[in-house]
Amino acid sequence: MNNNDRHLISILMENEAGALSRVANLFSARGYNIESLTVAPTDDPTLSRLTLVTYGNKQIIEQIVKQLNKLIDVVRLIDLSETDAIERELMLVKTRASGELRAEMKRLADIFGGHVLDVTDATYTIELTGTGSKLDNFLRAVEKDAILEVVRSGATGIALGQKALHA
Amino acid sequence: MELITGAEILVRCLKEEGVEYLFGYPGGSVLHIYDALYLQDDVKHVLVRHEQAAGHAADGYARASGKPGVVLVTSGPGVTNAVTGIATAYMDSIPLVIFTGQVPTALIGNDAFQEVDSVGITRPCVKHNFLVKDVTKLAETVKKAFYIATTGRPGPVLVDLPKDVTIAKTEFHYPKKVKLRSYNPTIKGHAGQIRKAVDLILSAKRPMIYTGGGVILSDGSTELVELIQLLGYPITETLMGLGAYPATDKQFIGMLGMHGTYEANMAMHECDVLIAIGARFDDRVTGKIEKFCPGAKIVHVDIDPSSISKNVHVDIPIVGSVPHVLRAMINVIRDEKLKPDTDALARWWRQIDEWRAMKSLSYRNSDEVIKPQFVIEKLYQVTAGQAIITSDVGQHQMWAAQYYPFDRPRQWINSGGLGTMGFGLPAAMGAKFAFPDQDVVCITGDGSIQMMAQELATMKQYHTPVKIVNLNNGYLGMVRQWQEFFYQKRYCMTYFEALPDFVKLAEAYGHVGMRIEKPGDVEGALREAFAMKDRTVFLDFLTDASENVFPMIPSGGGQNEMLLAERDEMVSTHDEGMVLL
């Protein structure tokens, strides 16, 4: 068992003031790792969906799941890494796009299924979605000094098949 | 329907919840609530002298009675002072509901006078907390607070009340029931797991039952006693679990852990099946985790899933409330007429009795100087083992746990998890409110008592006569003991060069003070003090400053690596142990 497996945990919780701090607080107070965290209300405005990426061995992940479940605001959660699931993250990248780079950037964006959202004489702003590792790959493919700014949403995800998380 | 203020609604909610006592301290942001309290007689308010004591007194009341303790403090410093009391209750899973004043909603976040982010500052040490911004939500929130505090694994719940919310008016309707979609504690254990556990328990050759505070909190004592006597197995209890099983019964082999008995720790180390009930494998119990119960299969019953397999891998986890799970186990055993392995058990008891014969709690008494253990033993005799005992934190706490055998649950009240010095006196006052006709004793030390001594005034005002047994050795004894063992006797900041005259201090607060300096006077002084039924008596016992708590498992040691009094050469633990503290 890898000691530092990556886990994508998706949480359905009460859309209450302070609920997010309780989750964040839990991770800092107990010394757990947290790599990314995304949160927004669901179709039911009384509920929020929070997805986070964390690392740890089996025992730590088990504790994280139990401690999260123990929070009064948490309605239900699923460790998407333990099931067939889709993971998606949104990334916005501002790159240099002058001279030879202009064609190169467009080509790379196309290969990765991205869209150019904004164009200036010197820059492109590209939108990409995919798994975290796909977005990492895109950034690796681009020359380092061509990147002006990177904004990532953090991973979110949903289970495949008929399984659904609801209150 | 008539419209009433938030403050009046709060008081009516407390009445609906059957709250007898409110431990608190007034201030600007709670003035409306105090005004509403003035206009009624149902809920009695106890005016403490420091907000920390409000928490501890409510806590002592809760631990003694099994009912939730209720606290009311003002915003800002009222809340920050109360935090230690809240954290103490949180670590020991005590049901408290704490109401805190807050600046008006329009001023929240403005750095207003006496403003602090109460919900934020207490978040890590409460089971849950609420900020009420709308008076129409107040009654429902109070109901939820009591429900959350008292169900599942209990704990403190804080409700923050901005001043304008206590002034605003609405109709009062107190919900009969509350249901939270996100909070449904598991009460009944899983039948399949219980069946598996029973099979394992009955297959044991060297069984051991280890119980904790969860048995007391869930009122599971009756079921525990029935199960233990049905099985004939040995039982040990944690510091928080003492009293769940009668300590004077022969199947009880003493407290376990850092200062547990030789037989309890050896039996833990050698057992082949460990049944943990309402206990959480705290570091003070396990010692070095790699050396903990090396040959044992483990069954763990706990209402909190996150307690299971947190520190120690568990073979058969059962999530549920202790009395329900134990009742189900008893039923399986009785219905199917199952029996333990009596031959193996007899051999096991012979082994345990050999360990017992070490008499690990023996100490060398003296005619010259008062031994602290001797005071506790005499206290036990004089009170016929019946008093409610609270303690502070330190050596005296361990001696109380070791030398006062508790025969019933809720008789022993101490801060086990957080280890809060200053807890004992206000907790004793709280216990006395719960049981005015019982003897309540606070066992304390010269360090701890000074942290909350101001509550002697509260005890005078409300006439809550308790007996204070101060084991005065002039030192912060437990820290001194560690410095002696592990820091080559470099006694840094553990000696009090100046102590108050505790007799005069007690008298200054209107109580009786007694100083006892000779072993021959101990029993007489105790008898005299307990004869004064209606007085708080401060017994200042000048005790042997060099006495240490034994047995002791130095941090980092295994359960079978104990230091016994006057038998072992002290050795410094290795660096790894020092880090564990």
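The values are calculated or read from the model by the stated rules, or taken from the named source; none is laboratory data. Everything numeric here is computed off the predicted structure, so don't read it as measured data. Cβ: placed from backbone, ideal geometry, glycine included. Neighbour counts: every protein chain shown.
Evaluation of A:Glu87 against the conditions (1) within 23 Å of A:Thr129 (Cβ to Cβ); (2) in contact (Cβ under 8 Å) with a residue 12 or more places away in the chain; (3) more than 17 Å from the chain's Cα centre (by Cα) shows that the sole unmet condition is (3).
Taking the stated definitions as given, is B:Asp111 within 14 Å of another protein chain (Cβ to nearest Cβ) and surrounded by fewer than 15 Cβ atoms within 10 Å (Cβ to Cβ)? Criteria not met by B:Asp111.
For every residue, the table says whether it meets (1) surrounded by 20 or more Cβ atoms within 10 Å (Cβ to Cβ); (2) more than 20 Å from B:Asp272 (Cα to Cα); (3) free of Cβ contacts under 8 Å to residues at least 60 places away in the same chain; (4) small (Gly, Ala, Ser).
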{"residue": "B:Asp315", "(1), (2), (3), (4)": "no, no, no, no"}
{"residue": "B:Gly320", "(1), (2), (3), (4)": "yes, yes, no, yes"}
{"residue": "B:Arg327", "(1), (2), (3), (4)": "no, yes, no, no"}
{"residue": "B:Asn331", "(1), (2), (3), (4)": "no, yes, yes, no"}
{"residue": "B:Leu338", "(1), (2), (3), (4)": "no, no, no, no"}
{"residue": "B:Leu345", "(1), (2), (3), (4)": "no, no, no, no"}
{"residue": "B:Trp348", "(1), (2), (3), (4)": "yes, no, no, no"}
{"residue": "B:Trp355", "(1), (2), (3), (4)": "no, no, no, no"}
{"residue": "B:Lys359", "(1), (2), (3), (4)": "no, yes, yes, no"}
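For beta carbons closer than 8 Å, sequence separation of 6+ or different chains, a first residue in region B:178-197 that is within 12 Å of another protein chain (Cβ to nearest Cβ) and among the hydrophobic types (A, V, I, L, M, F, W, C) and a second that is surrounded by 15 or more Cβ atoms within 10 Å (Cβ to Cβ) and in a loop (DSSP other than H, G, I, E, B), the qualifying pairs are B:Leu180/A:Ile72. Counted as qualifying within region B:74-181 are the strands (runs of 3 or more DSSP E) with 2 or more residues that are aliphatic (A, V, I, L, M), namely B:96-102, B:156-162.
Kindly provide the set of residues from region A:73-113 that are assigned to a strand (DSSP E or B), of a type in the set (D, E, K, R) and surrounded by fewer than 21 Cβ atoms within 10 Å (Cβ to Cβ), ordered by number.
First, the residues of region A:73-113 that are assigned to a strand (DSSP E or B): A:74-79, A:85-96.
Now restrict to residues that are of a type in the set (D, E, K, R): A:76, A:79, A:87-89, A:94, A:96.
Matches in region A:73-113: A:Arg76, A:Asp79, A:Glu87, A:Arg88, A:Lys94, A:Arg96.
Would you mind stating whether A:Thr38 is within 19 Å of A:Glu87 (Cα to Cα) and in contact with a Gly (Cβ under 6 Å, 6 or more places away or on another chain)? When the stated conditions are applied, A:Thr38 passes them. Being touching a residue at least 12 places away in the same chain (Cβ under 8 Å), surrounded by fewer than 24 Cβ atoms within 10 Å (Cβ to Cβ) and among the charged types (D, E, K, R) is the filter here, so list the residues in region B:420-445 that pass it. Scanning region B:420-445 gives a single hit, B:Asp439. Yes or no: B:Ala279 more than 14 Å from chain A (Cβ to nearest Cβ), touching a Gly at 6+ places or on another chain (Cβ under 8 Å), closer than 24 Å to B:Ile253 by Cα and at pLDDT 90 or above? In short, yes. Scanning region A:124-135 for residues that are without any contact (Cβ under 8 Å) to a residue 60 or more places away in the chain, in contact with a Ser or Thr (Cβ under 9 Å, 6 or more places away or on another chain) and buried (at least 19 other Cβ atoms within 10 Å of the Cβ) returns A:Tyr124, A:Ile126, A:Leu135. Scanning region B:116-165 for residues that are within 12 Å of chain A (Cβ to nearest Cβ) and among the hydrophobic types (A, V, I, L, M, F, W, C) turns up B:Val119, B:Ile121, B:Cys125, B:Val126, B:Phe130, B:Leu131, B:Val132, B:Ala145, B:Ile148, B:Ala149, B:Val157, B:Leu158. A count restricted to region B:522-549 and to residues that are among the hydroxyl-bearing types (Ser, Thr, Tyr), outside any strand (DSSP E or B) and buried (at least 20 other Cβ atoms within 10 Å of the Cβ) stands at 1.
I'd like the full set of residues that are more than 14 Å from chain A (Cβ to nearest Cβ) and part of a loop (DSSP other than H, G, I, E, B), limited to region B:309-323. Working first, answer last.
Taking region B:309-323 and keeping what is more than 14 Å from chain A (Cβ to nearest Cβ), we get B:315-316, B:318, B:320-323.
Of everything in region B:309-323, those that are more than 14 Å from chain A (Cβ to nearest Cβ) and part of a loop (DSSP other than H, G, I, E, B) turn out to be B:Asp315, B:Gly320, B:Ser321.
Here the condition is being crowded, with 21+ Cβ neighbours inside 10 Å, in contact with a Phe, Trp or Tyr (Cβ under 7 Å, 6 or more places away or on another chain) and touching a residue at least 60 places away in the same chain (Cβ under 8 Å); of B:Ile201, B:Ile209, B:Ile216, B:Ile228, it holds for B:Ile209 alone. When region B:324-346 is limited to residues that are out of contact with any helix residue (DSSP H, G or I) (no Cβ under 8 Å at 6 or more places or on another chain) and in a helix (DSSP H, G or I), the one that is nearest to the other protein chains (Cβ to nearest Cβ) turns out to be B:His324. Among what's in region B:446-467 and is assigned to a loop (DSSP other than H, G, I, E, B) and in contact (Cβ under 8 Å) with a residue 60 or more places away in the chain, pick the residue that is surrounded by the most Cβ atoms within 10 Å (Cβ to Cβ). Only one residue tops the list, namely B:Met452.
Here B:Pro519 meets the list (1) crowded, with 20+ Cβ neighbours inside 10 Å; (2) within 27 Å of the chain's Cα centre (by Cα); (3) closer than 21 Å to B:Val375 by Cα; (4) not aliphatic (A, V, I, L, M) almost entirely, failing just condition (2).
Within region A:119-134, track down each residue that is more than 26 Å from A:Val39 (Cα to Cα) and within 25 Å of the chain's Cα centre (by Cα).
Narrowing region A:119-134 to residues more than 26 Å from A:Val39 (Cα to Cα): A:119-124.
Matches in region A:119-134: A:Tyr124 only.
Residues in region A:1-13 that are of a type outside the set (Asp, Glu) and surrounded by 12 or more Cβ atoms within 10 Å (Cβ to Cβ) were compared, and the one that is nearest to the other protein chains (Cβ to nearest Cβ) is A:Met13.
Do you know which residues across region A:14-72 are part of a helix (DSSP H, G or I), more than 8 Å from chain B (Cβ to nearest Cβ) and free of Cβ contacts under 8 Å to residues at least 12 places away in the same chain? Give the derivation first.
First pass over region A:14-72, keeping only residues part of a helix (DSSP H, G or I): A:19-29, A:58-70.
From what's left, more than 8 Å from chain B (Cβ to nearest Cβ): A:19-20, A:23-24, A:26-28, A:58, A:60-61, A:64-65, A:68.
If the condition is that a residue be part of a helix (DSSP H, G or I), more than 8 Å from chain B (Cβ to nearest Cβ) and free of Cβ contacts under 8 Å to residues at least 12 places away in the same chain, then A:Ser28 is the only one that fits.
Return yes or no: is B:Leu274 over 27 Å from B:Lys67 (Cα atoms), touching a helix residue (DSSP H, G or I) at 6+ places or on another chain (Cβ under 8 Å), of a type outside the set (S, T, N, Q) and outside any loop (DSSP other than H, G, I, E, B)? For B:Leu274, the condition - over 27 Å from B:Lys67 (Cα atoms), touching a helix residue (DSSP H, G or I) at 6+ places or on another chain (Cβ under 8 Å), of a type outside the set (S, T, N, Q) and outside any loop (DSSP other than H, G, I, E, B) - is met.
Residue check: A:Leu90 meets all listed conditions (1) more than 14 Å from chain B (Cβ to nearest Cβ); (2) under 30 Å from B:Pro305 (Cβ atoms) but one, namely (2). Of note, B:Ile98 satisfies the criterion of being more than 14 Å from chain A (Cβ to nearest Cβ) and in contact (Cβ under 8 Å) with a residue 40 or more places away in the chain.
Please specify each residue of region B:185-237 satisfying the condition of being closer than 30 Å to B:His259 by Cβ, in contact with a Gly (Cβ under 7 Å, 6 or more places away or on another chain) and among the polar types (S, T, N, Q). Listed by number, the residues that qualify are B:Thr211, B:Ser218, B:Thr236.
Search region B:284-308 for residues being closer than 25 Å to B:Ser362 by Cα and surrounded by fewer than 23 Cβ atoms within 10 Å (Cβ to Cβ), and hand back the single one that is nearest to the other protein chains (Cβ to nearest Cβ). Here the residue is B:Thr286.
I'm trying to understand the selection: among the residues of region B:495-521, which are closer than 25 Å to B:Glu484 by Cβ, assigned to a loop (DSSP other than H, G, I, E, B) and not aliphatic (A, V, I, L, M)? Result: B:Phe496, B:Glu497, B:Glu517.
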